[in-house]
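Colleague: Sharing a structure here in structure tokens format.
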Amino acid sequence: MQFIRWVRPAAILIAAAVACTGCGRHAAPASDNAASGTATLSSTADLNDKRIAVQLGTVYDIYATKTFPGATVLQFPTFQEVTLAVAVGKADAGLSDMDTLAEVMHANANLVPFGKPIFSSPVAAGFAKKNAANRLAFNAFLKSIRDNGVWRDMVDRWMTRRSQQMPDLPEPAAGSGTLVVGISSGGFPFSAVQNNELAGFDVELARRFGASIGKKVRFADQEFSGLIAALVSGKIDVIIADMFDTEERRKQIDFSDPYFEQDSVAFTIASRTAAAAAPRAPAAPSFLDGARISFRNNILLERRYLLIWDGLKTTAIIAVLATLFGTALGALVCYMRMSPLAVLRVPARIYISILRGIPVLVLLMLIFYVVFASVNVSPVLVAVIAFGMNFAAYVSEMFRSGIEGVDKGQSEAGIAMGFTRTQTFVFIVLPQMARRILPVYKGEFISLVKMTSIVGYIAVQDLTKAGDVIRSRTFDPFFPLIMVAVLYFVIAWVLMQGLGKLERSTDPKYRRRAAVTR
């Protein structure tokens with residue numbers, strides 16, 4: 001019955017989301033109602049007192065702040081959040097390049113551009129300032145594909161004809177070296193995950209460049225806002241991610257010759273434009289039809305369930321290993337914290353204070369981009385270390401309070417009975433400590449599992465990132481989010497049941513009741 005009480009609210013959420021999303025081409029009735037009483041948008045001049053959604057780390061972030069001082073600029077980590085905010089009425093308008101917006105409009109015809117293009121910018125590959133050789137090699141490669149017609153064919157396929165099929169590309173010889181390319185899979189035509197493989201204009205360009213210099217390409221797919229930090233710290237060799245060449249970015253990195261030119265536009269929902277009234281939305285599908293369509297689009301097509309499965313495994317691995325590492329480290333810190341020696345006690349106090357005062361995301365970024373800046377280390381290992389260190393700071397205090405909660409007379413009695421100090425701790429103090437701290441430990445463990453959702457910032461493909469990748473392909477704003485939320489809920493519920501059983505097994509009263517019932 002407890003499971004049913006937990007699942008029923010989630011099932012209601014899923015039903016509401018499925019009914020709303022349908023086939024992914026819905027028209028967000030809530031935003032239409034909100035917009036019906038507001039002024040229409042005919043040009044970007046109308047945005048000065050509006051809410052503008054932008055993707056964090058893009059040129060639109062700075063542009064909106066400088067150009068529209070009276071507007072409220074809403075920053076989102078991915079372009080999918082930008083389109084969602086506009087679609088449901090949380091933002092009045094968003095800013096985007098026209099080619100990416102055109103792809104979104106195929107899935108959601110209710111989003112439309114308005115006014116004239118706000119500016120046009122060159123798109124180029126980014127290189128670290130100390131890596132002029134790769135930049136010059138890229139420029140030579142770019143000139144060669146412009147001369148032999150390959151570049152023109154790529155533009156025709158990806159931009160004009162909107163192809164989503166990767167061509168057969170040459171592969172360098174084995175053992176020829178690796179080129180790590182930073183990319184942010186925000187959707188076609190530049191980069192998207194298709195059949196669990198990256199595809200798009202930027203992906204093809206990167207692989208052709210790697211083949212031209214005899215290196216195998218490895219992609220680091222991460223949040224757009226973290227690409228420059230990854231390049232400067234040496235985690236990646238080049239950025240090929242639909243990045244505009246701007247003066248501000250040139251202070252940090254060098255750019256190649258432009259390989260494309262982008263028009264940027266403002267967009268909103270159709271009912272808010274000054275054009276003719278938007279066409280009537282098609283009738284919403286029934287609940288069962290909507291559920292079937294959403295499930296097929298988000299789970300079955302292109303075997304997207306494999307993305308969810310891989311993300312689920314990564315989340316579980318990080319959570320379990322971080323918990324084990326954090327528990328062991330927490331025990332060591334607890335020992336130091338309770339030591340009579342100041343040389344051990346003071347560092348432990350400082351460690352606990354610092355780790356409990358730093359946000360986990362900041363700690364994760366510091367370890368990845370600063371501590372391991374010059375070390376080629378797996379991002380998953382970095383996540384385990386960061387979450388484990390944070391977990392240890394809290395666990396050490398749990399252990400200390402649990403130990404101090406055991407009456408000292410019991411330890412003295414154990415020693416008087418002939419036990420060593422170690423035996424006294426293991427057989428008398430530890431069982432009582434475990435029973436005291438398990439409820440709090442259980443909560444911290446579940447919090448750690450949910451905290452792993454931020455590992456996408458260091459290019460780890462976890463469960464949350466898998467949901468973002470699916471949304472970048474289907475542009476379904478709700479179903480992937482609800483799906484990921486339910487999966488986290490299931491993980492948390494299963495773990496809580498397991499830890500709850502462990503908690504009951506350490507409770508003498510429960511064991512006595514169980515023995516009586518037998």
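The values are calculated or read from the model by the stated rules, or taken from the named source; none is laboratory data. What you see is a predicted model, and the numbers here were worked out from it, not measured in a lab. Quick reminder, even Gly has a Cβ in these numbers, built from the backbone with ideal geometry, and neighbours come from all protein chains shown.
Colleague: Filter the range 390-413 down to the residues that are among the small types (Gly, Ala, Ser) and assigned to a helix (DSSP H, G or I), then identify the one that is nearest to residue 358 (Cα to Cα).
Modeller: By that ranking, first place goes to 393.
Colleague: While we're looking at this one, here's another question. Looking for something in a loop (DSSP other than H, G, I, E, B) and either buried (at least 22 other Cβ atoms within 10 Å of the Cβ) or not assigned by TED's automatic domain parsing to the domain that holds residue 228 (or both) - is there at least one such residue anywhere in the range 196-207?
Modeller: There is at least one residue in the range 196-207 that is in a loop (DSSP other than H, G, I, E, B) and either buried (at least 22 other Cβ atoms within 10 Å of the Cβ) or not assigned by TED's automatic domain parsing to the domain that holds residue 228 (or both).
Colleague: What do you reckon, is residue 101 among the aliphatic types (A, V, I, L, M) and outside any strand (DSSP E or B)?
Modeller: When the stated conditions are applied, residue 101 passes them.
Colleague: For residue 146, state whether it is at pLDDT 90 or above, farther than 30 Å from residue 309 by Cβ and surrounded by fewer than 19 Cβ atoms within 10 Å (Cβ to Cβ).
Modeller: yes
Colleague: Look through 449, 395 and report the one residue that is farther than 30 Å from residue 81 by Cα, assigned by TED's automatic domain parsing to the domain that holds residue 351, modelled with pLDDT of 85 or more and touching a Phe, Trp or Tyr at 6+ places or on another chain (Cβ under 8 Å).
Modeller: Unique residue meeting the criteria: 395.
A quick yes/no check of all residues on (1) within 21 Å of the chain's Cα centre (by Cα); (2) surrounded by 17 or more Cβ atoms within 10 Å (Cβ to Cβ):
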{"residue": "214", "(1), (2)": "no, no"}
{"residue": "220", "(1), (2)": "yes, yes"}
{"residue": "237", "(1), (2)": "no, yes"}
{"residue": "261", "(1), (2)": "no, no"}
{"residue": "267", "(1), (2)": "no, yes"}
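Colleague: For the range 404-411, does any single residue satisfy the condition of being without any contact (Cβ under 8 Å) to a residue 40 or more places away in the chain, on the phi > 0 side of the Ramachandran plot and not aromatic (Phe, Trp, Tyr)?
Modeller: no
Colleague: Determine the pairs where a residue that is in contact (Cβ under 8 Å) with a residue 12 or more places away in the chain, located within the range 136-162, has a partner that is part of a helix (DSSP H, G or I) and among the polar types (S, T, N, Q) with Cβ atoms under 6 Å apart, the partner being 6 or more residues away or on another chain.
Modeller: What qualifies is 141/212.
Colleague: Mind telling me which of the residues 349, 345, 356, 400 ends up being in the same structural domain as residue 438 (by TED's automatic domain parsing) and in contact with a Ser or Thr (Cβ under 8 Å, 6 or more places away or on another chain)?
Modeller: Exactly one residue qualifies, and that residue is 345.
Colleague: Regarding residue 401, is this residue of a type outside the set (Asp, Glu) and exposed (fewer than 15 other Cβ atoms within 10 Å of the Cβ)?
Modeller: Answer is yes for this residue.
Colleague: Can you name the helices (runs of 4 or more DSSP H) wholly within the range 298-375 that have at least 1 residues being closer than 25 Å to residue 456 by Cβ and not aliphatic (A, V, I, L, M)?
Modeller: Helices (runs of 4 or more DSSP H) meeting the threshold: 305-337, 342-357.
Colleague: Look through 387, 427 and report the one residue that is part of a helix (DSSP H, G or I) and buried (at least 22 other Cβ atoms within 10 Å of the Cβ).
Modeller: When all the criteria are applied, what remains is 387.
Colleague: For the range 124-132, indicate whether the set of residues that are at pLDDT 95 or above, in contact with a strand residue (DSSP E or B) (Cβ under 8 Å, 6 or more places away or on another chain), assigned to a strand (DSSP E or B) and crowded, with 18+ Cβ neighbours inside 10 Å is non-empty.
Modeller: yes
Colleague: What do you reckon, is residue 232 out of contact with any Asp or Glu (no Cβ under 7 Å at 6 or more places or on another chain), farther than 21 Å from residue 262 by Cβ and surrounded by 20 or more Cβ atoms within 10 Å (Cβ to Cβ)?
Modeller: no
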